[in-house]
Amino acid sequence: MPLTSPLLDLPGAVSAEGVDAGVAAHYGSFNREQRSLAQGEGFVDLSHRDVLRITGPDRLTWLHSLTTQHLSDLQPGTWTQSLVLSPQGHVEHAFTGVDDGEALTVHTEPGAGQPLREFLQRMVFMTRVEMTDVTGEVAVAWRPKGYDLVPREKLTAYAEAAGPACGLWAFEALRIERGEPRFGMDTDQRTIPNEAGWIPSAVHLDKGCYRGQETVARVHTLGRPPRRLTLLHLDGSENRLPARGAELRLGDKVVGFVGTSARHHELGPIALALVKRNVAIDATLEADGLVASQEVVVDPEVGLHVRPKLR
């Protein structure tokens, strides 16, 4: 069962639903909370996320060989994002973590911690590593500067020091605006990192072999992922957001699916979606019956990850 945050006792707190149940969707005004975060103020309670602690002298080199990220030389205090792929290059697990010199603590989506732990446990063999689920002890929070790991019993004290409290709706709206996908919410079982814009944020292109690398390298070189992540600007005339997983249509053809959506304090209703690469970037689409225009996140030809950097 998901843990319920003590911060739901704060004034105005309204609980989120579904996979995000257990933390606050908002504390009375998600527009005001968005503006606070956009201005670099406040924090977001993400204590519903699953947290694993990985210890042992081989932890970084071992994970380096299994994941998409360069971890063998990870310095203490440096946050990193990484993926585990299938042999075909599909994203099976995603996590964000930080090493303190003695242990790597990672967090992932609610409910995704146990499958990640089970997979990693099968990969241990003779390696000197151990894994512990510490969700009940360690909570995740986010500030505009980045993630924090907070002892769960100190969440209330953390909130008093880091306030104002901002809800998940505000956090999600700004995340969607940035074009950052959420594993399992904006992705499906067929998603490869190139489609979701996870290069280079979660995929290091200059490291040794890992499972699924051939697919990533081939698509990166050719520059044409089968699908691409796009930001949808939704018609706001109806007072609703598209259902997650709803069909994305171009005329009478299904060309993708809708992921997460939110109401942005400046942009209005927005969403992320995975759409077939050959759909024109200026095509008007229909997302769960709502008219939607596109803003490029992953370029259909080369993707943001291989655009040249102009000096």
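The values are calculated or read from the model by the stated rules, or taken from the named source; none is laboratory data. All figures in this text were calculated on a predicted structure; none of them were measured in a lab. Quick reminder, even Gly has a Cβ in these numbers, built from the backbone with ideal geometry, and neighbours come from all protein chains shown. For the accessible areas, the whole protein counts, side chains as well, though only heavy atoms, and no ligand, DNA or RNA atoms are used. Shrake-Rupley method; radii C 1.70, N 1.55, O 1.52, S 1.80 Å.
Excluding residues on the same chain fewer than 8 positions from Lys276, give the aspartates and glutamates whose Cα lies under 20 Å from its Cα.
Glu180, Asp186, Asp188, Glu195, Glu247, Asp252, Glu286, Asp288, Glu295, Asp299, Glu301
Using 1/(1 + (r/R0)^6) with R0 = 41 angstrom and r between the beta carbons of Phe125 and Val19, what's the FRET efficiency to the nearest 0.05?
Numbers: r = 32 Å, r/R0 = 0.79.
It comes out at approximately 0.80.
Which percent, to the nearest 5, of DSSP beta bridges fully inside the chain are antiparallel?
Within the chain, antiparallel bridges account for around 95 percent of the total.
Bin width 5 Å, alpha-carbon pairs only: give the P(r) of the range 29-85 as whole percents, running from 0 to the bin holding the largest distance.
For the range 29-85, the pair-distance distribution reads 4, 14, 17, 18, 11, 12, 11, 9, 4, 0.
What FRET efficiency, computed as 1/(1 + (r/R0)^6) with R0 = 25 Å and r the Cβ-Cβ distance, is obtained for Asp148 and Ser72, rounded to the nearest 0.05?
Working: r = 25 Å, r/R0 = 1.02.
Given R0 = 25 Å and the Cβ-Cβ separation, E is 0.50.
With 20 Å bins from zero, work out the P(r) of the chain over every alpha carbon pair and list the percent per bin.
Once binned at 20 Å, the Cα pair distances of the chain give 32, 59, 9.
Kirkwood hydrodynamic radius, computed over distinct alpha-carbon pairs, for the range 193-304: how many Å, to one decimal?
Numbers: mean 1/r = 0.0679 Å⁻¹.
Result for the range 193-304, one decimal place: 14.7 Å.
If you count only protein heavy atoms with a 1.4 Å probe, what accessible area per residue comes out for the chain, rounded to a whole Å²?
On the way: 14770 Å² over 311 residues.
Ligands and nucleic acids excluded, the figure is 47 Å² per residue.
Can you tell me the length gained on complete extension of the stretch Asp133 to Ser86, counting 0.36 nm per residue apart and subtracting the Cα distance? Walk me through the intermediate numbers first.
Values: separation 47, 0.36 × 47 = 16.92 nm, distance 2.32 nm.
Fully extending the segment from Asp133 to Ser86 adds 14.6 nm.
Once you put a point 7 Å from the Cα of Ile281 and another 7 Å from the Cα of Leu3, both along the Cβ direction, what distance in nm separates them?
Output for this residue pair reads 4.3 nm.
Could you give the C-alpha radius of gyration of the range 1-149 expressed as a fraction of 2.2 N^0.38 Å, taking N as the number of residues it contains? Don't skip to the end; give the middle numbers.
On the way: Rg = 16.7 Å, N = 149, 2.2 N^0.38 = 14.7 Å.
With N residues counted in the range 1-149, Rg over 2.2 N^0.38 Å equals 1.13.
For the range 8-59, place one equal point scatterer on every Cα, skip the solvent, and apply the Debye formula. What is log10 of I(q)/I(0) at q = 0.17, 0.19 Å⁻¹?
Result of the Debye calculation: -0.62, -0.71.
Given points 7 Å out from each Cα along the Cα-Cβ axis, report the Arg178 to His233 separation in nanometres with one decimal.
2.2 nm
Quick check: pseudo-label points 7 Å beyond the Cα along Cα→Cβ at Arg249 and Val296, how many nm apart are they?
Reported label-point gap for Arg249 and Val296 is 2.8 nm.
With all protein chains present, calculate the accessible area of Arg244 using a 1.4 Å probe and round the result to the nearest 10 Å².
The accessible area of Arg244 comes to roughly 130 Å².
What are the extents of the Cα atoms of the range 50-134 along their three principal axes, listed from largest to smallest and rounded to whole Å?
The Cα atoms of the range 50-134 stretch 31, 24, 22 Å along the principal axes, largest first.
Would you list His48, His70 from the most to the least accessible area, probe 1.4 Å?
On the way: His48 15, His70 55 Å².
Ranking His48, His70 by accessible area, largest first, yields His70, His48.
Of Gly208, Leu234, Leu274, which is farthest along the charge dipole of the range 193-304 in the positive direction, counting Lys and Arg as +1 and Asp and Glu as -1 at C-beta?
Towards the positive end, the residue furthest out is Gly208.
Given Cβ point charges of +1 (Lys, Arg) and -1 (Asp, Glu) and nothing else, what value in debye, to the nearest 20, does the dipole of the range 50-134 about its Cα centre take? Each step should come with its number before you reach the end.
Working: 5 positive and 11 negative charges, 36 e Å.
So the magnitude is around 180 debye.
Sorted by accessible area (1.4 Å probe), largest first, how do Val129, Val291 line up? Mind dumping the intermediate values first?
Numbers: Val129 15, Val291 80 Å².
Per-residue accessible area, sorted high to low, gives Val291, Val129.
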